[in-house]
Amino acid sequence: MSLVGRDIFYAYSPEKYVLSGVSITVEGGEVLFLLGANGSGKTTLLECLCGVRFPQAGEISVDGLPFSVLSARERAKRIAYVPQFPEAAFAYTVEEMVLFGRAPHVGPFGRPGKKDHEKVEEALSQVGLENLRARPVNTLSGGERRLVLIARGLAQEAPYLLLDEPDAHLDPANQHRVLSVVRALARKGLGVVATTHNPNSALLYGQKVILLRTGKILAEGDPYRVLSPEILREAYGIPFQLLDGAGAKAFIPHVERG
Amino acid sequence: MRALRGRAEHTFWPVGRAGLVLGLCLLPLPILFASLLLGRMGLGARDVWASLFGGAVPETVRALVLRVRLPRLLAAALVGANLAVSGAAFQGIFRNPLVESRILGVSAGAGFGAALAMVLRSGPAGIQILAFAGGLLAAGLAVTLGSAFGGGILVLVLSGVLVSSFFSSLVSLVKYFADPYVQLPGITFWLMGGLSAVRWADILPLAVASAIGLGGLLLLRWRLNLLTLSEAEAQSLGLSVRRLRFLTVALGTLLTAAAVSVSGVVGWVGLIVPHAARALVGPDHLFLIPASAGLGAAVLLLFDNIARTTLPTEIPLDILTGLIGVPVFFLLFMRQIKRGGGWR
């Protein structure tokens with residue numbers, strides 16, 4: 001059981017490829033982090049994997065079913081997309097927002113029923129937001145909003161969850177709150193792909209990492225083995241140093257202090 | 001069990017809110033009945049009841065109630081519901097709370113159609129038909145232009161604005177060539193909106209269009225929520241965004257064009273009523289759409305009562321909705337700012 005993209009090419013304008021021949025596999029139960037500089041194609045890859053963008057070449061399949069045979073609705077039952085921020089134009093409550101995740105399970109003229117509300121409750125308790133269900137989403141903190149969207153993904157009951165920079169703009173405690181929820185969900189069997197700008201997130205919470213540079217894979221595999229000052233320098237263009245101690249690794253930019 | 005207990009904690013949802021929506025949907029009925037009593041000739045509730053449901057009542061009273069007041073008030077209710085629901089739907093799909101039913105140029109197109117019909121001397125039916133056709137034409141043009149340039153929300157709004165001002169210029173052109181003694185005042189009054197000319201014959205097409213438009217949007221109403229998310233989010237939830245957006249635009253345009261073809265141009269209802277409804281029942285379209293329908297019908301009935309009873313002559317509706325609507329909107333806006341922004 002896996003979500004697989006093979007030789008994906010994507011260009012926003014003719015012949016200017018943002019992704020040129022990227023392949024990716026994520027299995028249920030693991031968290032895969034996508035790393036790479038701004039404009040390296042992380043978000044584009046994520047959007048191709050959830051069917052929001054159609055690659056010009058390459059094939060994506062989920063649990064053996066190619067996207068070409070799946071309707072949008074069937075795809076949405078298998079893959080959930082969690083953007084950085086909820087972009088609703090109106091102040092929906094947490095409960096309403098999470099309920100939108102039931103869309104692929106509700107008929108075109110239908111409305112959510114009792115079972116859908118139960119799924120919402122389940123999702124809220126999995127991310128620990130039961131007590132906030134009646135609050136408007138736009139009154140929540142950044143970390144809580146991220147969790148609302150993750151809960152929406154869970155309500156979608158999709159076995160694969162794609163997250164766009166789940167740790168961006170959050171303080172360390174909230175980064176941990178969000179990413180530990182993600183890790184716990186993966187341990188229960190979910191397959192997760194997350195983009196990030198922080199290599200240390202991949203070290204702490206990931207089983208796999210893919211490092212992109214200008215639309216190609218620079219390195220991939222176990223974050224502990226793959227990530228090194230040299231490869232990060234190649235990816236981001238500045239020197240890094242490795243801090244290694246007490247059983248943990250971390251990377252910081254190797255630049256002049258002060 | 002846990003789920004049910006969890007939801008019972010806040011009384012506002014779901015029973016309280018559903019009850020509120022039901023109340024708003026029924027609100028037009030007592031107002032409609034009360035409005036039948038009002039007019040140059042005041043009537044007693046018993047006479048009105050007898051005229052409506054059979055009973056001993058002078059034939060002139062029955063005729064007044066059934067042939068003059070009832071069609072007009074039904075038109076007011078339908079026009080109000082149409083404008084409010086299409087306004088709510090457009091605010092949703094354009095993801096912008098400042099949008100209203102006229103955003104795609106429907107009113108301007110209808111105005112052009114009506115003005116043309118008056119210059120061509122084609123009678124009341126002709127005015128209604130050409131106004132309706134003009135409204136559909138303008139919105140169709142806006143959508144076509146918008147799709148030609150990518151079909152995004154912003155381009156659609158921009159082409160709506162362009163088409164609107166283009167048709168406004170066409171209206172001015174027709175006015176310029178119109179006979180200044182009969183046709184020009186006719187056009188001017190039509191553009192200020194009013195329901196004084198409404199007869200049963202005007203109601204049937206309005207009722208059919210309203211049934212299709214309101215029925216369709218009521219069926220789609222929970223899905224409309226998804227269109228207020230970003231396009232990528234909506235697609236990732238399995239929605240064919242463009243198709244649903246097109247369908248919504250088509251139904252909203254049908255509602256607006258049908259309303260405007262009967263009432264002339266009536267502004268603000270399609271902007272303010274959805275806001276008021278949102279303040280009462282929240283932004284979820286499952287509740288917002290029916291609440292807007294009831295509130296819109298009630299509000300336009302009230303406006304029309306003011307229009308036909310306060311002065312010896314009728315006050316054009318658009319003037320009233322503007323004079324009352326703008327201050328109300330300002331208050332809503334200020335309240336929103338005080339709360340620290342964030343539209344509901």
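Numbers below:
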read-out	value
Helical mean residue ellipticity (222 nm; -39500 (n - 2.57) per DSSP H run of 4+; nearest 500) of the protein assembly as shown	-18000 deg cm²/dmol
15 Å tail of the calculated P(r), region B:261-310, as % of Cα pairs	49 percent
Radius of gyration and maximum dimension Dmax of region B:148-262, Cα, Å	18.5, 59
For region B:228-254, residues shielded by at least 30 square angstrom of accessible area compared with the chain on its own, probe 1.4 Å	B:Thr228, B:Leu229, B:Ala232, B:Glu233, B:Gln235, B:Ser236, B:Leu237, B:Gly238
Percent carbon-and-sulfur accessible area, region B:27-338, ignoring ligands, DNA and RNA, probe 1.4 Å	75 percent
Residue-count net charge about B:Cys25 - beta-carbon cut-off 15 Å; Lys, Arg +1, Asp, Glu -1	+2
Relative contact order (%) - criterion: Cα under 8 Å, at least six apart; region: chain A	25 percent
Complex-versus-alone comparison for region A:23-62, residues with a loss of 40 Å² or more in accessible area, probe 1.4 Å	A:Val52
Nearest-ten-degree value, helix A:114-127 long axis tilted from longest Cα axis of chain A	30 degrees
Accessible heavy-atom area order of B:Trp268, B:Trp200, highest first, probe of 1.4 Å	B:Trp200, B:Trp268
Amide H contacts of A:Leu161 (H built 1.01 Å from N, under 5 Å, at least 5 apart or other chain)	A:Ala80, A:Gly191, A:Val192, A:Val193
Interface A:B - total buried accessible surface [probe 1.4 Å, Å², rounded to 100]	3300 Å²
Length-normalised contact order of region A:79-157 in % [C-alpha pairs under 8 Å, at least 6 apart]	51 percent
Accessible carbon and sulfur surface of region A:1-157 relative to its total accessible area, %, 1.4 Å	48 percent
Accessible surface, chain B, averaged per residue in Å² (probe 1.4 Å)	42 Å²
Computed log₁₀ I(q)/I(0) - Debye formula, equal Cα scatterers, no solvent, chain A, q 0.12, 0.14 Å⁻¹	-0.72, -0.96
Out-of-range pairs (alpha-carbon distance over 19 Å; input A:Lys42/A:Lys208; A:Lys188/A:Lys249; A:Lys77/A:Lys115; A:Lys119/A:Lys188)	A:Lys188/A:Lys249
Karplus-derived 3J(HN,Hα), 6.51/-1.76/1.60, for each residue of region A:141-150, Hz, glycine and proline x	6, x, x, 5, 4, 4, 5, 4, 5, 5
Amide H contacts under 5 Å for A:Leu19, placed H, 5+ residues apart	A:Tyr10
Relative contact order (percent, whole number), chain B, Cα cutoff 8 Å, 6+ residue spacing	28 percent
Mean accessible surface per residue for region A:29-104, computed with a 1.4 Å probe while every protein chain stays in place, in Å²	30 Å²
Cα-based Rg and Dmax for region A:79-157, where Dmax is the largest Cα-Cα distance (Å)	11.5, 34
Shape metrics for region B:261-344, restricted to C-alpha atoms - Rg then Dmax, Å	14.1, 45
Per-residue HN-Hα couplings for region B:43-51 [Karplus 6.51, -1.76, 1.60; θ = phi - 60°; Hz; x = Gly/Pro]	10, x, 4, 5, 4, 5, 4, 5, 5
Amide proton proximity set for A:Ala219, modelled H, under 5 Å, gap of 5+	A:Leu211
Rounded D (µm²/s) - region B:1-154, Kirkwood Rh over Cα pairs, Stokes-Einstein at 37 °C, 0.692 mPa s	167 µm²/s
The protein assembly as shown: radius of gyration over Cα atoms, expressed as a fraction of 2.2 N^0.38 Å	1.15
Test item: Cα-centred dipole of region A:79-157, Lys/Arg +1 and Asp/Glu -1 on Cβ, debye	100 debye
In sequence order, calculated HN-Hα J values of region B:161-166 (Karplus, 6.51, -1.76, 1.60; Hz; x Gly/Pro)	4, 4, 4, 4, 6, 4
Stokes-Einstein D (µm²/s) once Rh is taken as the Kirkwood radius of region B:27-338 over alpha-carbon pairs, at 10 °C in 1.306 mPa s	80 µm²/s
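The values are calculated or read from the model by the stated rules, or taken from the named source; none is laboratory data. The structure presented is a predicted model; accordingly, all values stated were derived computationally and were not measured. As a convention, Cβ positions derive from the backbone with ideal geometry for all residues, glycine included, and neighbour counts pool all protein chains shown. The accessibility values were calculated without ligands, DNA or RNA, using every heavy atom of the protein model including side chains. Shrake-Rupley method; radii C 1.70, N 1.55, O 1.52, S 1.80 Å.
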